[in-house]
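See structure below.
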Amino acid sequence: MNPERATKVKKVQSRQSPGKSILLALPMMVLTLIMLSGGRIPSDPQKLFIFGVTYLFFNVLFFLMIHTGKTDRYRAVAFIAFSLLFVVSFITHMFEARGSMSLSHEKIILCEVPFCHLVIPMTLIPAALTKTIIFPGMITGGYASIASMFVIWIGASLALGRGWCSWGCFFGGLDDAFSRLLKKPVLPRIDRRWTYLPWAVLLAVVLTAAAFLSPTYCSWLCPYKAVTEFNEVTSFTILVQTIIFVSLFIGLVVVLPLLTKRRTQCSLFCPFGAMQSLTNKINAFDIRIDRDKCLNCKRCMKACPTLSITEESIRAGRSLLSCMKCGTCVDVCPTGAAAFHIRGTPVGEGLNGKRLLFLYVAFLFLAIFAASEIQEGLARIVRLITTGSMI
Amino acid sequence: MKNLLKIAGYAWAGACLVVVLVMFAGSEYLSGKLASATGITVSPRYSGGEVIRSIDHGTYKTILHRPVFDGLIGERRDGFIQVEWQPVTALPPLIEDAVDFTGDGKEDFSFRLDTVAGPGAITPRNPSVVALEWVVKVNQGWVARVQLRKKP
């Protein structure tokens with residue numbers, strides 16, 4: 001854009017007054033109160049305290065999102081807290097129930113292994129052809145049942161598309177957290193060809209899972225096994241698998257996000273994320289770049305933690321299919337050219353309204369989905385402080 | 001047309017909010033409905049397959065699952081059969097079972113299980129019985145899997 005045109009472009013005023021922000025945050029306050037409490041406020045003082053902290057935590061963040069007009073900054077706080085407290089809650093739960101993080105043979109035989117969304121791509125072909133799920137979990141009932149995870153996945157796909165990866169995934173906050181620790185990237189450039197890797201991993205795990213009727217990603221490649229549960233090391237094969245899990249966690253979730261300031265696990269490896277990209281096609285919300293306002297400063301491209309904005313995509317006026325709708329590009333754009341958009345509506349109009357509608361959906365999803373894990377994680381920490389033990 | 005698209009877009013976005021609320025509020029109901037409507041079950045490779053016979057020994061039972069050869073399409077050459085002994089509290093120190101999973105009246109393998117020390121062993125009587133895959137103590141009793149291979 002030439003300088004003459006640039007001067008004509010005005011920064012969109014997304015900041016709201018405190019009064020208006022409270023008014024706009026009010027629906028969220030009511031909805032989160034109903035959904036988090038389930039219509040019943042805890043009577044136990046400790047539970048009430050934890051519930052209150054969680055409720056305030058989410059609503060203060062939402063208020064700040066509205067008031068400051070910044071999305072990613074406050075989303076990241078909630079998203080990262082969700083992941084960290086999920087890990088605290090999950091690991092302590094495992095120690096309480098089993099005495100270790102390792103998955104015993106007994107749990108597999110009894111089909112009591114918690115199911116997570118990362119398994120979903122591998123289950124689809126066998127489910128379609130054999131009407132069975134190739135995972136030793138419970139179809140319904142119990143902790144993290146298969147059907148409940150599918151319901152959440154279908155709901156998330158309809159409501160958020162790949163926004164799930166920035167607003168719902170309880171693992172994503174880990175590499176998001178590490179990608180924020182340094183001010184500047186040590187490795188600023190990542191070859192774009194690496195963005196095809198998740199599709200290759202997806203293809204490989206889907207085909208091998210169908211061939212062996214076993215969730216191969218869980219058995220061999222999932223970095224998050226390192227912070228949840230993994231098979232008891234009883235053989236050389238399991239030892240190799242465990243070494244792979246830990247190495248991938250350190251490499252993709254800790255070191256590379258730290259050095260590149262990108263969410264490397266989510267954008268360069270995760271097969272579920274690749275599959276979830278396709279749901280962006282059937283979702284109401286996306287990110288658009290208004291060519292009339294764009295200064296071509298490429299701040300959005302440089303800041304995007306998921307490599308979802310390229311020069312071509314800026315020219316095309318939209319983010320790539322892999323966009324996780326985290327809002328980083330929207331926050332850094334100096335003219336408001338990059339903005340949340342609703343399909344069917346004109347680009348560049350009613351930006352605040354569209355952003356607000358997206359935030360109601362996405363933040364409500366995050367608040368409801370994360371609340372129980374955050375409360376459980378906080379309860380464990382309170383127990384540690386008061387009794388000296390998390391269990 | 002533009003206005004119609006605009007209205008449809010905002011309605012679609014509003015519907016997303018409804019989806020989130022309904023999904024979380026009715027999660028349990030929807031999970032049950034999804035499971036019953038699809039008829040999906042856990043793969044027999046994990047669950048052990050359907051129970052085909054239960055043999056009552058008085059104080060304890062031997063439970064036989066169906067031989068599992070299930071593949072993605074059709075059956076595979078290699079499979080297994082799962083056998084269980086329960087309840088754990090009523091099991092004798094030594095179990096010696098003759099197992100006939102084909103139902104032809106002939107013993108297919110004999111199983112010897114030391115319920116105190118743990119080790120189990122099989123003696124194949126049928127050429128399709130290969131070896132003992134594993135035997136594990138669980139809450140309710142003991143579970144064993146025996147590898148099978150279909151004869152060509």
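Since every read-out is calculated from the coordinates, none of them should be taken as a lab result. Since the structure is predicted, the reported quantities are computational estimates derived from the model, not experimental observations. Backbone-built Cβ (ideal geometry, glycine too); neighbour counts: all protein chains shown.
When a/c is below 1.5 the answer is rounded, else prolate if a/b is larger than b/c, else oblate, so apply that to chain B with a ≥ b ≥ c taken from the square roots of the Cα gyration tensor eigenvalues. Prolate is the answer for chain B, as a/c is 1.5 or above and a/b outweighs b/c. Helix A:72-98 and the longest principal axis of the C-alpha atoms of chain A enclose an angle of approximately 0°. Here the Kirkwood formula, the inverse mean of 1/r across different C-alpha pairs, assigns segment A:104-283 a hydrodynamic radius of 17.1 Å. Relative to the longest principal axis of the Cα atoms of chain A, the long axis of helix A:197-212 lies at roughly 30 degrees.
All other residues whose Cβ lies under 9 angstrom from that of B:Arg112 are scored, Lys and Arg at +1 and Asp and Glu at -1, for a net of -3. By the beta-carbon count within 10 Å of each Cβ, the least crowded to most crowded order of B:Met1, A:Met35, fewest first, is B:Met1, A:Met35. Between rounded, prolate and oblate, where does segment A:212-291 land on the alpha carbon gyration tensor, with a ≥ b ≥ c its root eigenvalues, rounded for a/c under 1.5, else prolate if a/b exceeds b/c? Oblate.
Most tightly packed first, judged by the mean number of other beta-carbon atoms within 10 Å of their residues, the peptides A:16-22, A:150-156 read A:150-156, A:16-22. Sorting A:50-59, A:129-138, A:377-386 by their mean Cβ neighbour count within 10 Å, with the most densely packed peptide first, gives A:129-138, A:50-59, A:377-386.
Residue by residue, segment A:101-116 carries 3J(HN,Hα) couplings of 7, 7, 8, 7, 4, 4, 5, 5, 4, 7, 6, 10, 7, x, 8, 10 Hz when phi is fed to the Karplus relation 6.51 cos²θ - 1.76 cosθ + 1.60 (θ = phi - 60°); x denotes Gly or Pro. When A:Glu232, B:Glu133 are sorted by how many other C-beta atoms sit within 10 angstrom of their C-beta, beginning with the fewest, the order is B:Glu133, A:Glu232. A Cα-only calculation for chain A places Rg and Dmax at 21.5, 71 Å.
The simple spin-label model puts a point 7 Å past each Cα toward its Cβ; for A:Ser247 and A:Leu197 those points are separated by 1.3 nm. Measuring gaps between exposed loop sites in chain B (trypsin sites (Lys or Arg not before Pro); DSSP loop; at most 12 other Cβ atoms within 10 Å), the longest gap, sites not included, is B:1-105. Peptide B:131-139 is shielded by partner chain Cβ atoms: per residue, an average of 2 of them sit within 10 Å of its Cβ.
For segment A:285-349, the equivalent ellipsoid built from the Cα gyration tensor has semi-axes of 15, 13, 11 Å, listed from largest to smallest. Separation of the alpha carbons by more than 22 angstrom is noted, of A:Lys261/A:Lys325; A:Lys183/A:Lys298; A:Lys261/A:Lys302; A:Lys354/B:Lys2; A:Lys302/A:Lys354; A:Lys281/B:Lys6, for A:Lys302/A:Lys354.
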